[in-house]
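The values are calculated or read from the model by the stated rules, or taken from the named source; none is laboratory data. Small disclaimer: the values here were computed from a predicted structure and weren't measured. We place every Cβ from the backbone using ideal geometry, glycine too, and count neighbours over all the protein chains shown. The protein model used for the area step is the full one, side chains on, heavy atoms only, and it has no ligands, DNA or RNA in it. Shrake-Rupley method; radii C 1.70, N 1.55, O 1.52, S 1.80 Å.
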Amino acid sequence: MTVKKLNFKHFTIITLLTSIWINISEIFRYFVLVMPRVKSFFDNKSGVADMDFGIFAIWGFWDTLLTGVLVFVFWLYTEVFGNSNRSVLISGTIVWLAVFVIFWVATANMGLSEWNILWITLPVSWLEMIVGAWIASKLYKKYEND
């Protein structure tokens, strides 16, 4: 089996470009779908689910880290199975299960959100990961011959 090395320059470019989508999607999902429900769950208690510059910066770092994991898992998967729509679906779903499903089930299980929020956050976050993997797929195809 031939081992292909990860091109760190391409990986970084693909991660940064894909993170544009991930950041936009995360911001939309949080402000439109999640924040109002979390605030309501905590009876609009002051300080719950609020956003300031410090938290926003940490969130940007989190989204970029999430994107890096998605792009890396996609690259690993395609090294064995090739760059295809199936690779997009499987690698996006693997990252979604490992990050979002665990996070939201744990959050609801600890009483930090209602269980009904999973019906909103999980499908939307899965779509976010699939689109992110699709973007990575197209960008990796662009750099295929480098």
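Against the conditions (1) basic (Lys, Arg); (2) within 15 Å of the chain's Cα centre (by Cα); (3) surrounded by fewer than 17 Cβ atoms within 10 Å (Cβ to Cβ), where does residue 29 fall short? Just the number, please.
Among (1) basic (Lys, Arg); (2) within 15 Å of the chain's Cα centre (by Cα); (3) surrounded by fewer than 17 Cβ atoms within 10 Å (Cβ to Cβ), the lone unmet condition for residue 29 is (3).
Could you list all residues from the range 1-23 that are open to solvent by 100 Å² or more (accessible area, probe 1.4 Å) and without any contact (Cβ under 8 Å) to a residue 40 or more places away in the chain?
The answer is 1, 2, 3, 5, 8, 9.
Return yes or no: is residue 16 within 21 Å of residue 139 (Cβ to Cβ) and assigned to a helix (DSSP H, G or I)? Reasoning before the result, please.
Details: within 21 Å of residue 139 (Cβ to Cβ): yes; assigned to a helix (DSSP H, G or I): yes.
Criteria met by residue 16.
Only one residue in 101, 88, 71, 32 is of a type in the set (A, V, I, L, M) and at pLDDT below 95. Which one?
The conditions single out 32.
Scan the range 44-86 for residues that are open to solvent by less than 90 Å² (accessible area, probe 1.4 Å), out of contact with any Ser or Thr (no Cβ under 9 Å at 6 or more places or on another chain) and charged (D, E, K, R) and jot them down.
Once the filter is applied, which keeps residues that are open to solvent by less than 90 Å² (accessible area, probe 1.4 Å), out of contact with any Ser or Thr (no Cβ under 9 Å at 6 or more places or on another chain) and charged (D, E, K, R), the range 44-86 yields 50, 52, 79.
Could you please find all residues in the range 69-113 being of a type in the set (Val, Ile, Thr) and within 16 Å of residue 11 (Cβ to Cβ)?
Quick first cut of the range 69-113, residues of a type in the set (Val, Ile, Thr) only: 69, 71, 73, 78, 80, 88, 90, 93-95, 99, 101-102, 105, 107.
69, 71, 73, 78, 95, listed by residue number.
Just one of the numbered conditions (1) more than 19 Å from residue 90 (Cα to Cα); (2) in contact (Cβ under 8 Å) with a residue 60 or more places away in the chain is not true of residue 135; which one?
Going through the list (1) more than 19 Å from residue 90 (Cα to Cα); (2) in contact (Cβ under 8 Å) with a residue 60 or more places away in the chain, residue 135 breaks only (1).
Could you tell me how many of the residues in the range 87-126 are open to solvent by 20 Å² or more (accessible area, probe 1.4 Å) and either over 18 Å from the mean Cα position of the chain (by Cα) or touching a residue at least 60 places away in the same chain (Cβ under 8 Å) (or both)?
9
Can you name the residue in the range 50-86 that is within 25 Å of residue 30 (Cα to Cα) and part of a loop (DSSP other than H, G, I, E, B) and is also nearest to the chain's Cα centre (by Cα) among such residues?
By that ranking, first place goes to 51.
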